[in-house]
Amino acid sequence: MARNSAVNTAVQEQFGAAAPAYATSTVHASGPDLPALVAAAALTGRERVLDLGTGAGHTAIALAPHAASVAAVDLTPAMLAVAAGLAAGRGLTNVTFHEADASALPFPDASFDVMACRYAAHHFAEPALALREAARVLVPGGRFVLVDCVAPEDPALDTFLQVFEFLRDASHVRDCRASEWLRLFAGAGFEAEVLGRSVISLDGADWVQRMNTPAEKVAMIRRLFAEATPSQRAAFELREEPWGFSQASALLRARRR
């Protein structure tokens, strides 16, 4: 529990300050993975949907026109305020917002038909526990669609990624490998598959500015990139001027047994 508390506090501190930037972030507001996630959810208009780690609400807002109702959950009150404002601006009346931890959801068993989680799971202190909680609140046969950054399967490249992710954002826990997600879903009582993968090209200056990364840590990231091995440079498509890199993400869909 202490680990969850420490991670949750870091998430709230980091994202409380960054909330306005996430409202307009191109990656989060209009990335090509968003319509892909909506399609994978296969909504018919009758489903009760839960958006886990809603952030600025972009996923909940995209799902709402296709669902009966959407409950959007996040740890950070400032993020929920931004999300509620965006939803109100779109005239959506079937979305509700809830401050909650992914590993302790304030909903009864079998409350939802579909769950979504987009670019939030790498902040979960205990993803296995969060998935067990997801299984609890989903109906049998319910769907879970997840989009997140994924680490390379190669252990050395995996480590390199986690280092610069943590330097940029102290609330970062781990970008899981796609194979790890499949094992985690299976362990929580789901049948899961990887539906697709994509690569996001990130501008380094914008990436660190969005999280208000301190200048000394930005310098450490730049140094890490400058001293990268050829394999690291190729794996992440490291660029110098303007500096940046490419990050892999995956779309997974799982069915609760």
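Every number in this text was worked out from the coordinates using simple rules, so none of it is lab data. No experiment lies behind these values; they were computed from the predicted model shown. Using ideal geometry, Cβ is built from the backbone for each residue, glycine included, and neighbour counts are taken over all protein chains shown.
Descriptive notes on the structure:
Here's the yes/no breakdown for (1) over 18 Å from Ile200 (Cα atoms); (2) surrounded by 20 or more Cβ atoms within 10 Å (Cβ to Cβ); (3) of a type in the set (Ser, Thr, Tyr); (4) in contact with a Leu (Cβ under 8 Å, 6 or more places away or on another chain):
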site: Ala116; (1), (2), (3), (4): yes, yes, no, yes
site: Phe124; (1), (2), (3), (4): yes, yes, no, no
site: Arg132; (1), (2), (3), (4): yes, no, no, no
site: Pro140; (1), (2), (3), (4): yes, no, no, no
site: Leu157; (1), (2), (3), (4): no, no, no, no
site: Gln162; (1), (2), (3), (4): no, no, no, no
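Conditions (1) part of a strand (DSSP E or B); (2) among the basic types (Lys, Arg); (3) within 26 Å of Asp154 (Cβ to Cβ); (4) in contact with a Phe, Trp or Tyr (Cβ under 8 Å, 6 or more places away or on another chain), marked per residue:
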site	(1), (2), (3), (4)
Val173	no, no, yes, yes
Leu184	no, no, yes, no
Ala192	yes, no, yes, yes
Val199	yes, no, yes, no
Leu202	yes, no, yes, yes
Val208	no, no, yes, no
Glu216	no, no, no, no
Ile221	no, no, yes, yes
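Let's see how each residue does on (1) more than 19 Å from the chain's Cα centre (by Cα); (2) without any contact (Cβ under 8 Å) to a residue 24 or more places away in the chain; (3) surrounded by 19 or more Cβ atoms within 10 Å (Cβ to Cβ):
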position	(1), (2), (3)
His172	no, no, yes
Trp181	no, no, yes
Ala186	yes, yes, no
Asp206	no, yes, no
Lys217	yes, no, no
Met220	yes, no, no
Arg223	yes, yes, no
Glu227	yes, yes, no
Glu237	yes, no, no
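- Whichever residue in region 92-114 is part of a loop (DSSP other than H, G, I, E, B) and of a type in the set (A, V, I, L, M, F, W, C) and, among such residues, is surrounded by the most Cβ atoms within 10 Å (Cβ to Cβ): Ala102
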